[in-house]
1. Which residues, counting only those in the stretch A:78-95, are acidic (Asp, Glu), facing chain B (nearest Cβ under 7 Å) and more than 17 Å from A:Phe46 (Cβ to Cβ)?
2. Of all residues being part of a loop (DSSP other than H, G, I, E, B) and surrounded by 19 or more Cβ atoms within 10 Å (Cβ to Cβ) in the stretch B:100-110, which is nearest to the other protein chains (Cβ to nearest Cβ)? Just the residue, please.
3. Confirm whether A:Thr95 is of a type in the set (S, T, N, Q) and assigned to a helix (DSSP H, G or I).
4. Determine whether A:Arg148 is within 14 Å of another protein chain (Cβ to nearest Cβ), under 16 Å from A:Arg281 (Cα atoms) and part of a helix (DSSP H, G or I).
5. Which one of the conditions (1) farther than 30 Å from B:Val56 by Cα; (2) surrounded by fewer than 18 Cβ atoms within 10 Å (Cβ to Cβ) does B:Gly245 fail to meet, given that it meets all the rest?
6. Give B:Ala250, B:Ala232 a once-over and let me know the one that is of a type in the set (Gly, Ala, Ser), buried (at least 24 other Cβ atoms within 10 Å of the Cβ) and not in a loop (DSSP other than H, G, I, E, B).
7. Out of (1) more than 23 Å from the chain's Cα centre (by Cα); (2) over 28 Å from B:Leu48 (Cα atoms); (3) not basic (Lys, Arg), the odd one out for B:Asp195 is which?
8. When only residues in the stretch A:136-145 that are within 8 Å of another protein chain (Cβ to nearest Cβ) and under 16 Å from B:Val110 (Cβ atoms) count, which is surrounded by the most Cβ atoms within 10 Å (Cβ to Cβ)?
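The values are calculated or read from the model by the stated rules, or taken from the named source; none is laboratory data. No experiment lies behind these values; they were computed from the predicted model shown. Glycine gets a Cβ as well: all are built from the backbone with ideal geometry, and neighbour counts include every protein chain shown.
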Amino acid sequence: MYLSRIKIENFRNFSDLDVALDGNIVVVGENRVGKSNLLYAIRLIFDPTLPDSARQLGLEDFWDGLGEPDEDDKIVVAVEIKDFDDDLDILAEMTDFRLDDDPETVRLTYEFRPRGDLEGSPASEDDYEFVCYGGESDTKTFGHAQRRRITMEVLPALRDAEGDLATWRRSPLRPLIESAFRGVERNELEEIKDAVQAATARLGDFEAVKELEEKLGTRFAEMSGPKQDIKPRLGFGATEATRLYRNIRLLIDDGQRAINDASLGSANIVFLTLKSLELQRQMNENLRDHTLLAIEEPEAHLHPHLQRSVYRDLFEDIGESTPLSILLTTHSPHIASVAPLRSLVLLKETANDGAVGHSTASIPLSEADEEDLARYLDVTRAEMMFARGIILVEGDAEKFLLPVLAETIGHPLDHAGITVCSVAGTNFKPYAKFLTALDIPFSIVTDWDPVEGKKPLAMNRALKLIAAMEHERTGEVPVEVVNELKELAKNANDFSDRCENFGVFTNTHTLEVDLFKDEDFTAEIIAVLREQKWSQERRNWIDGWEVDRDTLDVENYLKLIESVGKGRFAQRLASRIEGIEPPAYIKRAIEFVADRV
Amino acid sequence: MSERALYLQAAESLRRNPGQWAAYDSHGHCVVLAGPGSGKTKTLTVKLARLLAEDVQEPRGVACITYNNECARELESRLAALGIEPGGRVFIGTVHSFSLTQIVLPYAKVAGLGLPDEFSVATQSERASALERAYRSVIDGPDNPQTWDFRMGNYRRAILNRNSPQWRERDPVLAALVEAFEDELRAMARIDFDDMPLLALRALRANEWLQRALLAKYPVLVVDEYQDLGRALHRMVLGFCFSAGMRLFAVGDPDQSIYGFNGARPDLLQQLSRRDDVETVHLRLNYRCGSRIVTGSRYALGKDRDYEAAEGANEGTIHFHPRTGNRDQQADDLFSSLLPDIRERLPDLRLADIAILYPSAPIGDAVASAAQNYGLPTIRTDKNSLYPRSSRLMRWLEQCAEWCCGGWRTGTPRFRTLMNDGQRIFSESLTAEGDVLLFQRRLLKTLWERRDSTVLLHWWLNEMRREAIAELIEGCRTLQDEGETLGAFIDRAAPDGDCAEMTLEQFAGRSEGKNCISLSTLHSAKGREFVVVIMFGMNDGTIPWHNQSNQRLVEWRRLFYVGFTRAKQELHMMYSANMPSPFVKEVEERLKADG
C-alpha cells in the first residue's frame, strides 16, 4: 500500500492543502511553514500512541485565517491509499473504506467538528467531537484495531537517542532482545547466571570493594532500620535467570566501550538500525502490516556524508524489503538528494490562503527524464528544492557569471534565495516540469544557437519547453499557446519576446559571443584570453579582434575558449566584470525570477 | 484456561472417532457428510476454534454461514464455550445476513448495485404493498396478489442470472412481476430478504476485486447445513473457494435436505464432495439415537446408509399407535393415554425432553389446544407460534424478561450476555463513541426498575420498547421487520388481545431450557434432539400429500426421516389406522421382517 494523496482543511496553518503523494513523503519548506503540522495531521489518523484526548483538538487548532469557527467549519484530514490489495492482511483492514466511485482507492478521514446533536453555533470546545472514518460515510469508523496494524511511529527531531538506548524500558533494543531470548533454553541461562555470580563473588576478593560494600550495607541498615533493610550489594547486574538478559548492553568498538561513549551521530545511527530491525521483527511476527515511519529533521547530528548513506539505505534497501513508508521533514539538501524523486512535498506560505503544498508525485516524466532529474538532484545536493527561485542555465559559464551580473543590477542572488542551476546541456524540460509542479519561480537562460540555412535550435527548444511547462501548470494541452508561438516563429524577435513572458530568455548566438559583442565586456574578455600563453598565430587573432570587434571569427574565438575551458574562462571573467551592466536578456531573466520570489 | 487449551481439550474427544478426527485434521477444502446425531456441530465448532488459533492470523478471520438464526445462535453458544466470541474476526450468520452485512451494506455504492441511498430492509407489510402494486400493474387479475408471493420467490431463487434468456423465457409473466415488485421496493428505498443473496451475487459478478476483498477478510469459509442453503450460496462458494482461494469447510447431510421449496438442492453438496480438490469425510456413528432407531431410520429414509449407533448406546424403541377418531380426538388421546404411559415408564423424564412433531402448523393447533386442556406447558416453534422463533429481537427480549424474573439475582442470564447480544442486534445504531455506554445504562436502568415477574407482559414490553430500544430499532436498517413483529405481539398482549393475561414470568418461561413440551413442525425440528419424540398426524395425504412428483416424494421422505432421527430413546408414531403414511407402513413392515 502507499499513500496517494493528503488533504488538510482548516488545520493550524493549513486552510486547504491538497497534494498528490507517491508513498514516501519528504517534506521540505522554510521554517515555520508547517512541516511538523503536516506530520501531526497524519498522526491524527494513524498514530496508535496518540491518545483520544489528543485527538480531541482545541479551537486554537483551527486555521488562523478562519476567524471564529461557526457551525459549518470543521477540521478535516483525509489521506488516500492505493495498492492496498497486494497484502491480504492490509486488504482485510482497508477494503470497506473504498471510495464510492473508485474501488481502487481507499480514504481514511479524521474530522473535528461541532457535535451532531448540537443546536446552533458551537460556543466552546465542549461542543466539538472528533470522528475517524473510512470511505465516504462517517458511520464506517476506524480506530485502534486498524492503527495497530497499519501504524505510524514518530521519531522527533533532536531526540535523545543515547538516553533512550540507555534506559531499558525505552530502548529499541528491548523488544529485539526479548524476542531473541524467547528461544533460549532455561538451563543454558543458568550457566550464564552461575558465571555472573562467580564474577560478582570475585569482586569481593578485592579488599577495597568489600569494604565499600560493607559500609554501604551498614549505613543503609542504620538509616532504614532492620525491617526495611533491602540488603544492598555490588555486582554486575541481577542474576535471576529470567531477568538476566536485561543486563545486556549494546557495545561498540568490538565490545570495548559502551554506546554512551559513541558520538551523537553514531548513537543516532544505532538507534535507527535497531528501529528498522524492530520493524522487521514486528512484520515477521505478524504484529503489524505496514509502518509509516516519520522522522523529523533526521539531519540532526549527522555528517552530510552519513545523512546520504543512512537515508539512501533506508529509502532503497529497507524501504524495498519492508512494508514501510518513510515520512521525513527536512532542511537538508543532502537528505532531499537521496529521497525518491516522487516523494518531495514542498510547503510554502501564502498571504491569504495559509500554507500550500506542491508535490512531485504526479509530474508526467518519461523514464529517461526521471533518471536525469534524479541523478541531477543527487549531484547538486538538491539545492533546487530549498531555493525561493531558480535560474536554469546551460552550463558552468552562466553559473559563474550570473551571480556577479545580478549583484551589479541590485539583485544579489543569495540574498533573495535565488539559485543558478546548470542543466549541463540544453535538456531543460524535466527540470522545467519539476519546478512548475513545485511552483518554484524560475527562468531559463538558453542560447539562440543559430544554424546556417535553418531555423535556430532555440526556436524548437523553447516551443517544446513552453508547451511542457504550460501543460504541467494548467493540466491541459496548451494548443492555443503552441499555435501562437508557431505563428510568431516567422519573426525571431517577436518569437523571443513572447517566450520571455513564459520565462524563457534567449540571446542572439551563444553566451560568449553575445558578451564579446557587448562593448562593455570586450576589453575584459580580451584580457582574460591574454592570461593564457598562446602561439603567435593565436595572439595575432586576439590582437585583431581587439582592434576591430566586428572582425571576430566565432569559430576561432570559441576554439580558444574551449582550450581554456569554458568554466575556467567564465570564472576568470567573473572576477573582472564587477559593476558592468549585463546583457539585456540576462538582466530580464534575473528580474523575472527576482520579481516573483 | 486459555482459549487454546479449551479447544485442544475438546479436540481430544474427537480422536476416538476417525471421521471426526479426519475432519478436525483436514488441511485443504473439506466436505463433511454427517449423518443424524453424528456430532457434526461439535466437530465443526472445535475445527473452527482450531482454524482461528492455528491457521488464520489476525486481522483476518473466519466466516461461518448456516441455515437460520437458530442454527447461528446454537453455533455461537457452542463457540462461546470454547472461548470464542463472535464479532471481529468471526462472522456467524445466515446466507442472508452474510450477503447483507458483508457485501451489500459495505459495498452497495462502490459495487454499483444502483440501490437508493439509505435503503433498509422491508417489513412484511411493506413487501405486501409492493407486491400488491406490482400485481396490479403487471397482471391485474382476480387473485389475491399475496398468493403470487410463493411462486415469485421460487422464480427469483431459481434463475439467478437476470441477463440469461432463461429468465425472460421460462415464465415471462413471473419475470415481469418480479421486476415490477423489485422496482416498487426500490422506489420505497427497500430491499427484501430474497434480494440479499441475489444482490450479493450480482455485486460479486460485476466487481472482480470484491471476491478478493472477501478472501482478505475471511480466508476460510465454514458452511453448516450446506444441503439446505440453495443455489445462490453455492454459486458464491464456487467463486470464493475454487477461484479466489478461500478454504472451504462444509458440513451437511443431503439426506436431511428438506427445504426444496426454498431452493435447497441436496445434490450441490454431493457435487462438491466429488471434486478431486476436496477431501470428503463421512461421519457415520450416531451418538443420538438408540440402535433400533438407527436401524429404523434406514427404512424411514428408504436408502441404505452405513450408519450405526455409537458404542454403548441404548437400544431405543419404536412404537406404532394407529388411532381412530378425528384429529382433535387423537390429540386428546395423546395426552390422556400415550403421554401418561411414557412418563410412567420413564419417571425421570422432564417435559423439555419430549417433543411432539407434526407435518404442518394447523395440526399443531390441535395438539396445542389439547395440551392446554391438560394444563401442560408447551413451547411452539412453528409459524403459528406467538411470534417467529427466528426473531433475534424477540429471543433477546425473552432473555431480558428472564433477567427481570430473578435472573438478576442468580446471574442467569448474565447482564453481560444481554449486553453483548443486544450490542450485536443493534450494532447499526451503536456506531458513535459512547453509544454503547448509553445503551448499557438505559438497558440496566429499564430492567432494574421493572424486575417483577408478576407484572403484565403488555406493560413490561411497552416500557421496554419506549425506554430502551425504540430509538435503536429505528436506526437499524436490518431490524425493521422484527420491530414490526414486536409491535404485533404487543398488540396481542394488549387488554383486548388474545394474550392479554400473559405475565412477564410466562414470557420469560418461553426461553430455552425451561420445562415445556416442544411442539414443532417436522421442518422446525431440524437439528434438535429429544429423549422422546412423538410424530403426530403421520397420515397418508398429509405426509406425503397425494399426487406428488417423484422428486417431491423423495423430499417428503427426507422430511419424515428428519423427524424420525430426532429421537434418542423412544419414538412414537401416531396416525389414523385407516390411512397410515406409506413411510410408516414401510418402516413397520421392515422392522417386523427383521424380527
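1. Filtering the stretch A:78-95 for residues acidic (Asp, Glu) gives A:80, A:83, A:85-87, A:89, A:93.
Now drop any that are not facing chain B (nearest Cβ under 7 Å), which leaves A:85, A:89, A:93.
Correct list: A:Asp85 only.
2. Just the residues of the stretch B:100-110 that are part of a loop (DSSP other than H, G, I, E, B), to begin with: B:108-110.
Subset that is surrounded by 19 or more Cβ atoms within 10 Å (Cβ to Cβ): B:108, B:110.
Numbers: B:Ala108: 9, B:Val110: 5 Å.
Out of the qualifying residues, it is B:Val110.
3. Against the criterion (of a type in the set (S, T, N, Q) and assigned to a helix (DSSP H, G or I)), A:Thr95 qualifies.
4. The answer is yes for A:Arg148.
5. Status for B:Gly245: all satisfied but (1).
6. Numbers: B:Ala232 fails: buried (at least 24 other Cβ atoms within 10 Å of the Cβ).
The unique qualifying residue is B:Ala250.
7. (1)
8. A:Lys140
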